[in-house]
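Worksheet: one structure, shown below.
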């Protein structure tokens, strides 16, 4: 299978590349900047391209892939910047619509749990979205546009809503990276919020494994949540990671404010994911 991959040097993309490199698939990486080439392996194939380029031959330029796994998205990790709606959304819409119109028949795109907005509890793919952040709004609008395009164009679409990934290579603003930094600095205490918020944490390795399986084993899944399906308080997550990292850190609960743009308790209903991969060993 010929797989084209955007965002392959990002947090999740790096892990996806590792898995695809071990596979028998023919993979083409789309690198936005020449400087990113230094991060690629000697045997990894690539093209230099930016999704803002005004091309009508995207499908040919990407090597006429059997599937495009599209991870690229700018402006992160600031979820509240209007850039997502004003700049990134038009770029993404134009790029993907042109890839589709020029011949792509199978597309996998990463969405976000922020599409759900402030809804609480176990979140299922079929429920109505109500995003309250520019990032969530932009992703939700892009999803709707792609499903609208699908009404008039023959292509398969999988929209993978990712919940709370964590792991090496994550933004320094993430709680996981902050924990690691505190440990390396030899800090005795770790400043954090109330720790009461309940979220769905999932390792970046598991996210990557799921995305690769959705890309290479499925087609046209539609909406699917990518999460652990296991609610966990932020404090429990912090304490677990402190133990796992072997750090001598005391959580300083309440030292920082909680995020006010997130629900206090939400996690993924992964029933659909479990049905898709029942009895299947993910890569």
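Side notes on the structure shown:
- Counting every other Cβ atom within 10 Å of each residue's Cβ, 88, 44, 53 order from fewest to most as 53, 44, 88.
- GNM top mover of 96, 20, 245 - the chain, alpha-carbon springs below 10 Å: 245
- Centroid-to-centroid, using Cα positions, region 138-158 and region 35-96 are 17 Å apart.
- Share of pairwise Cα-Cα distances greater than 19 Å in region 201-283 is 53 percent (whole percent).
- Taking the C-alpha atoms only, the angle from helix 204-217 to the longest principal axis of the chain is near 20 degrees.
- The calculated pair-distance distribution of region 83-209 uses every alpha carbon pair, bins of 5 angstrom beginning at 0, and gives 2, 9, 15, 17, 18, 16, 10, 6, 4, 2, 1, 0 percent.
- Shape of region 80-147, Cα gyration tensor, a/c cut at 1.5: oblate
- Per-residue packing, averaged as other Cβ atoms within 10 Å, sorts the ranges 204-216, 142-154 into the order 204-216, 142-154, beginning with the highest.
- Listed residues 235, 62, 256, most fluctuating in the chain (Gaussian network, C-alpha, under 10 Å): 256
- Exposure proxy shown here: for 95, 261, the number of other Cβ atoms within 10 Å sets the order, fewest to most, as 261, 95.
- Alpha-carbon radius of gyration plus Dmax, which is the widest Cα pair, for region 1-127 in Å: 15.5, 46
- Among (i) 0.96; (ii) 1.01; (iii) 1.11, the entry that matches Cα Rg over 2.2 N^0.38 Å as calculated here: (ii)
- Centre-to-centre, using Cα atoms only, region 245-278 and region 200-229 are separated by 17 Å.
- Mean residue ellipticity (222 nm) of the chain, computed from DSSP H runs ≥ 4 via -39,500 (n - 2.57), nearest 500: -9500 deg cm²/dmol
- Principal-axis tilt of helix 89-101 within the chain, Cα atoms, nearest 10 degrees: 40
- In terms of its alpha-carbon gyration tensor, region 179-233 comes out oblate; a/c meets the 1.5 threshold, while b/c is at least as large as a/b.
Rule-based calculations on the coordinates, nothing more; no lab input. Keep in mind that what you see is a predicted model, and the values were worked out from it rather than measured. Every residue, glycine among them, receives a Cβ derived from its backbone with ideal geometry; neighbour counts consider all protein chains shown.
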